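First the structure, which I've put down as structure tokens, then a few questions once you've had a look.
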Amino acid sequence: MKRSTLVLAVVCTLTVHFTFAQTSGKQTQVKIQKTSMTREAEIKLGKEAATQIERETEVVKNAEIETWLNQIGQDLAKTPQANAYPYYFKLVNDDSINAFALPGGPMYVHTGLIKAAATEGEVAGVLAHEMSHVALRHGAAQMGKQQTWGTLFGVLGAAAGAIGSQNGQCGMLCQAGQIGAGIGGMAVLTKFSRGFEQDADLNGARMMAASGYNPMDMSRFFDKLAAQSGAASKSSGLEQWLSSHPASGNRSQYVAQDIRFYPKRDYTTSTGNFTRVKQAVASLAPPKLKPAALLTAKAGTSPRTNLPAGFKDMQAAGFSIAYPSNWQAGQANQGGGSLYLIPQGGATQTQNGGLELLVGGMIDYYRPETGAATLEATTNELIRGLEKGDANLRAERPSRLDIGGKAALLTKITTKTSLTREPEQTVFLYTVVRNEMLWNLVFATPPSRSAELSSVFRQMLQTVQFPD
Ligand SMILES: [Zn+2]
């Protein structure tokens, strides 16, 4: 896949400008990375990426926890080490031990991380470390070092529904294919080299000290987590964090060395609310299933009976559908993404690394901009988003029907694909509210094959079932 090539390229071409004084008498310098990306572009990119993240993660609305998190974060943000970015902090309902910040300042903390922390200082340490990646412009530098950052930016933008194809080369279903195309694409923004890690540790330690938290809380927590690697890290979901933040030795040791250069002070900062916040986090409802999980085939199922002749069955966690046995079923990338059900040649790779549906079916979940999905309003929001990215798109008024016993809407759409021969495309968009999101099934065909395929689409639609 294009995405993995991209990430690999970053790791290989990254030049690390890092000087680390082992035990010398001089304090180690920490560098703000130079990048061709402007500060405005960096903040804009972070916002686009944040929109994508929030489509795929469950952001918790809980005033007590949010207030606490932002109180610590905004305290740190006032320090000179934070480099005056517009930081904000959100809690994600996910029990893996993880946290990450995006260029320009959006930051996400998993519930699992707060559960794993023993003190408020440890949580503050993770914030300070992640904010340091932002302040030192690490994500932006990794983007800027690639010739193709503009391309990746374009992909992220399209995924967020904010930027469409500029040249009309890639139509609606290319864009739709990227909705939910995976946080994996974010790796370039959130996965760092050892050199960047040390810089973030040292800058983070100085940031903590400046706001009165004990800098050793950060390095001790990190060393504690690193010690849990191996089998234990798999079960706690820690491995993703460990691989994004490779340790380059004993963090506690080099932070302790750095502290020798700080002005003497007592580290007494605390909101005093950590115990109560831990209780609030522990009593949150369990995380909801995400699109990636809902779209994945269930293991160990036997095919349903009464399927149309020559069809095979696809039973995912969120729905079941059958499709012609000479078609292929698969997701756009290994990080998840839309489920494609296509005949030979039914999709094509696009210039910007997306996958464009030409003929066949595609299923995904659309999370509304705010709150839980409703059938009419969220279908309308989805279509408006698609229109923004595709000047050729014409949508008819939706009509009502039932799919798998659930209320559904069918919206007939015409648009153009990137094909030069017969670019016209007819699209049938079916939407159903499921798991507080909009389950959407798309059937696409060029007009010349419409008659031939309409009976296949109808048969597929009749096999759709939902678990309850
Ligand atoms: Zn890091």
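Where a number appears in this text, it was derived from the coordinates with a stated rule and is not lab data. What you see is a predicted model; the values in this text were computed from it and never measured. Note: ideal-geometry Cβ built from the backbone for every residue, glycine included; neighbour counts use all protein chains shown.
Below 8 Å, C-alpha to C-alpha, sequence gap of six or more: please give me the relative contact order for segment 323-468 in percent. Mind dumping the intermediate values first?
On the way: 258 pairs, mean separation 30.3, N = 146.
Over segment 323-468, the number comes to 21 percent.
What does the charge count around Phe311 come to, taking other residues whose C-beta lies under 15 Å from its C-beta (Lys +1, Arg +1, Asp -1, Glu -1)? Present the calculation step by step, with values, prior to reporting the outcome.
Details: positive: Arg304, Lys312, Arg458; negative: Asp313.
That works out to +2.
In the neighborhood of Pro106, defined by Cβ-to-Cβ distances under 12 Å, what is the net charge if each Lys or Arg adds +1 and each Asp or Glu adds -1? All intermediate terms of the calculation are to be shown ahead of the outcome.
Numbers: positive: Lys44, Lys47, Lys90; negative: Glu42, Glu48, Glu54, Glu130.
Local charge sum for Pro106: -1.
Continuing with the same structure: Can you give me the Rg/Rh ratio for segment 291-462, using Cα atoms for both radii and the Kirkwood formula for Rh?
Values: Rg = 15.5 Å, Rh = 16.7 Å.
On the Cα set of segment 291-462, Rg over Rh gives 0.93.
Which whole-number value in Å³ per residue fits the convex hull of the alpha carbons of segment 402-468?
Details: hull volume 6.1 nm³, N = 67.
Per-residue hull volume (Cα only) is 91 Å³.
Output the pairs from Lys61/Lys191; Lys31/Lys115; Lys47/Lys416; Lys47/Lys115; Lys26/Lys264 with a Cα-Cα distance over 21 Å in this structure; if there are none, say none. Could you put the intermediate results ahead of the total?
Working: Lys61/Lys191 27 Å; Lys31/Lys115 33 Å; Lys47/Lys416 29 Å; Lys47/Lys115 27 Å; Lys26/Lys264 17 Å.
Too far apart for the 21 Å limit: Lys61/Lys191; Lys31/Lys115; Lys47/Lys416; Lys47/Lys115.
Summing +1 for each Lys or Arg and -1 for each Asp or Glu, what net charge is found among the other residues whose Cβ lies under 15 Å from the Cβ of Leu69?
-2
Could I ask something else about it? Per 10 Å bin from zero, what fraction in whole % of the C-alpha pairs of segment 224-318 is there, up to the bin with the longest pair?
Per 10 Å bin, starting at 0, the Cα pair percentages come out as 10, 18, 28, 19, 12, 7, 4, 1.
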